[in-house]
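J.: Let me begin by handing over the structure; questions about it come next.
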Amino acid sequence: QVQVVESGGGLVQPGGSLRLSCAVSGSISEIYLITWYRQAPGKQRELVATITTGGSTNYLDSVKGRFTLSRDNAKNTVYLQMNSLKPEDTAVYYCNYYGDYGADNYWGQGTQVTVSS
């Protein structure tokens, strides 16, 4: 079993910054992917960013240049630094753990990000 816990959400002003954390624990594979998704009310869930154990990253086009992923493998924690936040970024953000070549796939509980003036 793998536990996935997100934290760091909250209310920020447009143009502000926020850092989300995704901590995983349990029977963690040596090689795994962490992906952030988000879902706004009435909208389909969309992929925001993903990072490999080696640190390779990929981002949704609309967040490129504003969001940055980093990974602390010793702590089994991934951070999503979000800068220049826009109201359109408002959503529940979910962290997904993908390990053992897909045999293990776990989701966190989600953390609310609200960008409003």
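The values are calculated or read from the model by the stated rules, or taken from the named source; none is laboratory data. None of these values were measured; they are calculated from a predicted model. Heads up, the Cβs are rebuilt from the backbone with ideal geometry, glycines too, and the neighbour counts pull from every protein chain shown. These accessible areas exclude ligands, DNA and RNA; they are computed on the full protein's heavy atoms, side chains included. Shrake-Rupley method; radii C 1.70, N 1.55, O 1.52, S 1.80 Å.
J.: Output the qualifying pairs, or none if there are none: Cβ atoms under 9 angstrom, residues six or more apart or on different chains, first residue in the stretch 26-53 and closer than 12 Å to Ala91 by Cβ, second residue basic (Lys, Arg) and not in a strand (DSSP E or B).
T.: Close Cβ pairs (under 9 Å, with a partner that is basic (Lys, Arg) and not in a strand (DSSP E or B)) amount to Tyr37/Arg45; Arg38/Arg45; Gln39/Arg45.
J.: Right, another one. What residue, among those in the stretch 90-105 that are out of contact with any Leu (no Cβ under 9 Å at 6 or more places or on another chain) and surrounded by 16 or more Cβ atoms within 10 Å (Cβ to Cβ), is farthest from Gly26 (Cα to Cα)?
T.: Thr90
J.: What residue, among those in the stretch 59-87 that are in a loop (DSSP other than H, G, I, E, B) and among the aliphatic types (A, V, I, L, M), is most open to solvent (accessible area, probe 1.4 Å)?
T.: Ala74
J.: Just to verify a result, which residue in the stretch 27-58, among those that are basic (Lys, Arg) and surrounded by fewer than 16 Cβ atoms within 10 Å (Cβ to Cβ), is nearest to Ala103 (Cα to Cα)?
T.: This residue is Arg45.
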